[in-house]
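The block underneath contains the structure these notes are about, expressed in structure tokens.
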Amino acid sequence: MLKSPLYGVLGTALVAGAVLIPGSSAQAVESPDISVTNAKAHLDQFQSIATSNGGNRYTGRPGYLASANWVKSKLDAAGYTTVLQSFSTSAGTSYNVIAEWPHGDANHVVMAGSHLDSVSSGPGINDNGTGSAGVLETALAYAASGQVAKNRLRFGFWGAEELGLLGSKYYVNNLPAADRDKIELYLNFDMIGSPNPGYFVYNDNPAGNGARDDLTSYFTSKSIQTEYVDVQGRSDHAAFRSLGIATAGTFSGAEGTKTSAQATKWGGTAGQAYDPCYHRSCDNINNLNLTSLDRQIDAIGHMIWNYAQKEYGDPEPPTGDNLIKNPGFESGAVNWTGTTGVITNSSSKPARTGTYKAWLQGNGRSSTENIGQSVAIPAAATAASLSFWIRIDTTETTSSTVYDTVKVQVVDGSTTTTLATYSNLNKSTSYVQKTLNVLAYKGKTVTVKFLGQEDSSLQTSFVIDDVALIGG
């Protein structure tokens with residue numbers, strides 16, 4: 001966390017009393033238990049990197065780049081689309097790691113971040129290995145969860161925060177205005193495992209932003225009292241807030257002193273700093289409170305799971321002709337290619353309209369099936385959306401494990417991009433409409449493809465009807 005002359009009083013004057021606000025503006029989704037064991041393993045890796053690189057992970061030094069490359073490799077392996085964004089600083093080249101889950105509506109972006117760099121004097125395990133480990137583990141857990149995001153999820157690991165929030169400022173300032181406008185919320189996590197912890201929630205609540213209150217309500221539901229804190233321009237949310245983007249976050253305290261009242265409700269030691277090793281060489285793997293880390297990473301998970309599904313409202317649908325031919329399959333397999341027999345008028349599964357539909361899987365054995373159609377999206381299109389209706393019937397009984405899937409893909413030359421994945425966990429006894437943004441492919445002829453995959457037992461049927469691709 002960036003040093004600020006204001007922060008000497010953040011432990012007292014700038015902290016409000018505990019505020020417990022019920023209710024949530026996000027769609028209710030069961031909150032996950034993010035693994036503190038895995039997060040601790042990430043911190044062990046940061047410590048190892050620092051130990052092998054002069055004792056720190058400071059911008060412009062080998063320990064920082066090693067940290068960035070390691071985080072990127074974990075996210076790459078989990079299926080994220082990642083970028084290592086370089087920028088110049090007075091200490092040398094630094095890097096942001098930007099990771100995007102390639103599913104969900106790209107017009108509504110929910111973003112979480114943390115700074116990845118340490119100060120030069122130590123390995124920076126609490127400041128801010130803890131925030132980075134928490135955000136990383138939440139991203140990895142989401143990728144493995146089988147959740148289907150309504151909104152686009154993006155994660156940022158910022159470089160050169162300790163030099164003046166340089167990485168987050170560089171990222172935001174280099175986003176086109178249209179892309180900045182798509183970010184609905186930025187969540188920041190900077191120091192969440194302080195050894196003498198507090199439970200602070202950023203007091204950022206611009207009009208229309210209920211994220212601060214949702215965080216408070218989450219902690220209240222776990223019988224944890226919180227206090228609001230005004231972090232002002234001290235951490236990476238500042239660049240987002242300055243542009244009017246809604247922000248929120250949590251914080252377990254730095255060099256401020258814990259009061260007697262705080263020790264009564266949170267435990268720990270009154271009269272001592274929340275983190276006595278703040279910006280010192282002793283901010284190492286032993287400078288942690290794992291209970292605080294555990295509670296706060298679960299709060300990160302709660303926010304990501306819920307805001308991934310939050311209803312932000314859809315833009316006006318594009319107008320124009322349907323570019324998909326034989327969209328309701330009523331002419332059988334005409335204009336469609338793929339696995340023989342998928343397009344059917346079998347009465348075993350009803351069509352949404354007419355009598356034909358595409359019935360992928362439902363075999364109860366290990367198999368793969370697909371259908372697809374080549375589509376030319378006009379270069380002059382200002383909006384383009386792919387929509388379809390899907391019904392998912394399954395005999396799988398699990399509520400947590402993905403066994404069978406259907407992927408919605410766009411094949412552009414030799415590149416295949418999965419826009420969305422649905423599974424046995426998304427079962428529905430009636431048709432549900434899905435809409436995906438495909439404007440990125442304007443001016444191209446691509447193949448829209450539905451790819452079903454089933455494991456060796458217990459069937460899942462993915463029945464698709466009334467496909468449309470409207471570009472106007």
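General remarks:
- Nearest-ten-degree value, helix 131-145 long axis tilted from longest Cα axis of the chain: 20
- In degrees, nearest ten, helix 36-52 long axis to first principal axis of the chain (Cα): 60
- For the residue pairs Lys150/Lys442; Lys169/Lys434; Lys72/Lys427; Lys74/Lys449; Lys169/Lys444; Lys357/Lys442, the C-alpha atoms sit more than 31 angstrom apart in Lys169/Lys434; Lys72/Lys427; Lys169/Lys444.
- Listed values (i) -0.26, -0.36, -0.76, -0.93; (ii) -0.44, -0.56, -0.92, -1.02; (iii) -0.30, -0.40, -0.77, -0.90, entry calculated as log10 I(q)/I(0) by the Debye sum over Cα atoms at q = 0.06, 0.07, 0.10, 0.11 Å⁻¹: (iii)
- When both region 336-354 and region 412-450 are represented by their alpha-carbon centers, they are found 18 Å apart.
- Distance between the modelled labels on Asp44 and Thr269, one decimal in nanometres: 2.7 nm (7 Å Cα→Cβ projection).
- Whole-Hz ³J(HN,Hα) from phi, Karplus 6.51 cos²θ - 1.76 cosθ + 1.60, for region 71-78, glycine and proline x: 4, 4, 5, 5, 6, 4, 5, 7
- Efficiency of FRET between Ala379 and Ala177 - r from beta-carbon atoms, R0 30 angstrom, step 0.05: 0.85
- Mean residue ellipticity at 222 nm, helices only, the chain: -6500 deg cm²/dmol; runs of at least 4 DSSP H residues each add -39,500 (n - 2.57), and the sum is divided by the number of residues.
- Look at Val110, Val334, Val410, Val83 and count the other Cβ atoms within 10 Å of each Cβ; fewest to most, that gives Val334, Val83, Val410, Val110.
- Residues with amide H under 5 Å from that of Val342, placed H, sequence gap 5 or more: none
- Dividing the mean sequence gap of close Cα pairs (under 8 Å, 6+ apart) by how many residues the chain holds gives a relative contact order of 17 percent.
- Karplus-derived 3J(HN,Hα), 6.51/-1.76/1.60, for each residue of region 331-339, Hz, glycine and proline x: 9, x, 8, 4, 6, 10, 10, x, 6
- With an a/c value of 1.5 or above and a/b not larger than b/c for the gyration tensor axes a ≥ b ≥ c computed over the alpha-carbon atoms, region 404-445 is described as oblate.
- Simple spin-label estimate for Ser223 and Ser242 in nanometres, 7 Å along Cα-Cβ: 4.4
- Spin-label pair Arg365/Thr339, simplified geometry with 7 Å Cα→Cβ offset, distance in nm: 1.2
- Cα centroid separation, region 120-166 to region 216-261 (Å): 16
- DSSP-assigned coil residues among GluC sites (Glu not before Pro) in region 298-376, each with at most 13 further Cβ atoms within 10 Å: Glu311
- Note that region 82-89 has calculated 3J(HN,Hα) couplings of 10, 9, 9, 8, 9, 7, 9, 9 Hz, one per residue in order, obtained from phi through the Karplus relation 6.51 cos²θ - 1.76 cosθ + 1.60 (θ = phi - 60°); glycine and proline are x.
Every number in this text was worked out from the coordinates using simple rules, so none of it is lab data. Only a predicted model underlies this, so the values are computations on that prediction, with no experimental measurement involved. A quick note on method: Cβ atoms are made from the backbone with ideal geometry, for glycine too, and the neighbour counts reach across all protein chains shown.
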